[in-house]
Amino acid sequence: GAVVSQHPSWVICKSGTSVKIECRSLDFQATTMFWYRQFPKKSLMLMATSNEGSKATYEQGVEKDKFLINHASLTLSTLTVTSAHPEDSSFYICSARTPNSGANVLTFGAGSRLTVL
Amino acid sequence: QKEVEQNSGPLSVPEGAIASLNCTYSDRGSQSFFWYRQYSGKSPELIMSIYSNGDKEDGRFTAQLNKASQYVSLLIRDSQPSDSATYLCAPGTSYDKVIFGPGTSLSVIP
């Protein structure tokens with residue numbers, strides 16, 4: 001079945017530094033990927049839609065200059081949290097549409113837990 | 001009005017009982033509906049999809065859809081402790097993104 005690999009699983013960084021999270025579709029091509037953020041005991045909040053070869057579409061309230069998304073190939077999307085602060089500590093999850101399934105059937109990466117000190 | 005609403009939890013049921021999870025949505029254009037399960041600290045996984053009014057059964061899971069009422073539910077029969085998780089409703093949208101409900105936390109007590 002479709003597999004989405006996300007790396008790193010855990011990352012701890014100092015305040016003010018930048019962190020890059022990678023999301024790869026291993027056995028299929030993904031022209032669109034979705035980035036979500038989840039705070040403890042809260043639901044998944046869509047941050048942005050990553051489109052291969054074009055700019056990402058950000059949800060209202062998400063700072064595009066702080067959360068840089070690059071989708072340079074059909075199998076790789078990256079999310080860079082720039083100048084991270086403790087309030088950016090969260091669980092970040094990427095996903096892609098499962099091939100040969102409905103438009104809303106998603107395959108998720110394992111998630112990346114970011115802790116900013 | 002929020003796009004997707006789910007019954008507030010946490011929901012606790014004894015092992016072997018039926019767990020009932022509810023979801024209402026605002027987009028009348030939604031034609032497909034999905035239930036995802038998320039274990040603590042893990043990513044969501046798809047467990048059920050339903051496209052037509054009525055019931056759809058898959059093992060111990062039954063999804064019920066009523067488009068006129070903009071309501072979809074998930075029933076879990078013979079609940080097991082391994083069913084303890086957060087259940088997320090995701091109606092198919094008429095635009096190019098997937099929005100999840102707030103989730104209902106289910107705890108099955110042995």
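We did not get these values from a lab; they are worked out from the coordinates using the rules stated. Not measured: the values here are computed from a predicted model. Cβ sites come from the backbone with ideal geometry, for glycine too, and all protein chains shown count toward neighbours.
What the table shows:
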| read-out | value |
| --- | --- |
| For segment A:49-71 and segment B:3-71, distance of Cα centres in Å | 29 |
| 10 Å Cβ neighbours from other chains, averaged over peptide A:41-49 | 5 |
| Furthest towards positive pole of dipole, A:MET47, A:THR115, A:HIS7, structure part chain A, Cβ charges | A:THR115 |
| Dipole of the protein assembly as shown, positive end: most advanced residue of A:ALA56, A:HIS85, B:SER52 [Cβ charges, Cα centre] | A:HIS85 |
| Listed residue pairs exceeding 30 Å between alpha carbons, taken from A:LYS64/B:LYS67; A:LYS66/B:LYS67; A:LYS64/B:LYS56; A:LYS66/B:LYS42; A:LYS14/B:LYS97; A:LYS20/B:LYS97 | A:LYS64/B:LYS67; A:LYS66/B:LYS67; A:LYS64/B:LYS56; A:LYS14/B:LYS97 |
| Cβ-Cβ FRET estimate between B:SER8 and B:ASP55, R0 fixed at 22 Å, reported to 0.05 | 0.35 |
| Burial order of peptide ranges B:82-93, B:19-30 (average beta-carbon count within 10 Å, highest first) | B:82-93, B:19-30 |
| Average other protein chain Cβ within 10 Å of Cβ, residues B:97-104 | 5 |
| Relative packing of A:78-86, B:101-109, which averages over residues the other C-beta atoms within 10 Å, highest first | B:101-109, A:78-86 |
| Zone of A:ALA110's modelled label, taken as backbone nitrogen in segment B:29-49 under 14 Å from a point 7 Å along Cα→Cβ | B:41-44 |
| Nitroxide proxy distance, nm - points 7 Å out along Cα→Cβ at B:SER82 and A:SER9 | 2.0 |
| Only Lys, Arg (+1) and Asp, Glu (-1) charged, at Cβ; chain A dipole about Cα centre in debye | 180 |
| Extension gain from A:MET45 to A:GLU87, taking 0.36 nm per residue of separation minus the Cα-Cα distance | 13.6 nm |
| Average beta carbon contacts from partner chains per residue of A:98-111, 10 Å cutoff | 5 |
| Protection-proxy order for peptides A:17-24, A:33-40, each taking the mean of Cβ atoms within 10 Å per residue, highest first | A:33-40, A:17-24 |
